[in-house]
Amino acid sequence: MDYTTIRYSVDDGIATITLNRPEKMNAFTGTMMLEMIDALDRIDADDDVRAVIVTGEGRAFCAGADLTPDSGGGPFSSDEAVTDLSDERVRDSGGRLTLRMFQCTKPIIGAINGAAVGIGATMQLPMDMRLASSAARFGFVFARRGIVPEAASSWFLPRLVGQQQALEWCMTGRVFDAQEALAGGLVRSVHAPEDLIPAATALAREIADNTAPVSVALTRAMLWRLPSAPHPMYAHRIDSRAIYTRSRSGDAAEGIASFLEKRAATYPDRVASDMPGFYPWWDEPDYE
């Protein structure tokens, strides 16, 4: 796919997706959704990619949905009236993107460089870590537009920041600064604008240079999915399967050998071919 609304690059194991409509403050469209999903498909298929950074071009991260008449169809569900609300045309495009991020096997780091409101705020939620520029502004502004939070944010946001903070930000719909985002737990850290990408790259580099990719993929799935299980026994079951299979892997042998030999590890296993047989466990009939 040729991209018109994003840029995609890979440098030494780190993929970068840059929202690239600076003249529109990187406003979100259906085309952007499809291009970002395609880039995530490429990332999952490429074992050389170890971590992902998502950022915006220019002074904004993403200033929300493009509501202008020339937006190419816009980001919302089909304008065609449907009577069956389970119809595919009813689906929220932001949710299609965040669900694809949720399914990604590589860690995703948000480098939030500027305004991030509406879908610009909610698309960040399935990212594993979010770093913000001091110039960033955030807003879950849906109630001020006569709509409701989308992109599965009613599932993601309370898990990240707690129910009370999620309710306040969504019910008021107000825009807030990076320091409030930090205090509320939405972002990991705040950086001077010129330091944001170097900080995100350093974090991605720490993952890429020191960890086993299969272990990271399993850890990402476990930490995102198991907290919502109804009993800790579900986590115990998956923990047990994961530690048993991983302890017998080439990665574990290399991890122990490199530790004892005081050298950097070279992990042999690959996400595309060496995930354990119980993965994805949530597709099992008895998993809730």
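The values are calculated or read from the model by the stated rules, or taken from the named source; none is laboratory data. Source: prediction; values computed, not measured. As a convention, Cβ positions derive from the backbone with ideal geometry for all residues, glycine included, and neighbour counts pool all protein chains shown.
Collect the residues in segment 181-206 that are in contact (Cβ under 8 Å) with a residue 24 or more places away in the chain and of a type in the set (D, E, K, R), keeping them in residue-number order. The answer is Arg188, Arg205.
Here is the figure for segment 1-58: residues that are among the aliphatic types (A, V, I, L, M), part of a helix (DSSP H, G or I) and in contact with a Pro (Cβ under 9 Å, 6 or more places away or on another chain) total 2.
Scanning for something of a type outside the set (A, V, I, L, M, F, W, C), modelled with pLDDT of 95 or more and assigned to a loop (DSSP other than H, G, I, E, B), does segment 189-209 turn up at least one residue? The answer is no, given that none of the residues of segment 189-209 is of a type outside the set (A, V, I, L, M, F, W, C), modelled with pLDDT of 95 or more and assigned to a loop (DSSP other than H, G, I, E, B). Inspection of segment 227-234 identifies at least one residue that is of a type in the set (A, V, I, L, M, F, W, C), surrounded by 12 or more Cβ atoms within 10 Å (Cβ to Cβ) and not assigned by TED's automatic domain parsing to the domain that holds Ala132. When each of Arg174, Arg145 is tested for being farther than 21 Å from Val52 by Cβ and at pLDDT below 95, the lone residue that passes is Arg145. The set of residues in segment 56-67 being surrounded by fewer than 23 Cβ atoms within 10 Å (Cβ to Cβ) and modelled with pLDDT of 95 or more consists of Glu57, Gly58, Arg59. Among the residues of segment 195-205, are any within 30 Å of Arg241 (Cα to Cα), among the hydrophobic types (A, V, I, L, M, F, W, C), crowded, with 17+ Cβ neighbours inside 10 Å and within 18 Å of the chain's Cα centre (by Cα)? Looking through segment 195-205, at least one residue is within 30 Å of Arg241 (Cα to Cα), among the hydrophobic types (A, V, I, L, M, F, W, C), crowded, with 17+ Cβ neighbours inside 10 Å and within 18 Å of the chain's Cα centre (by Cα).
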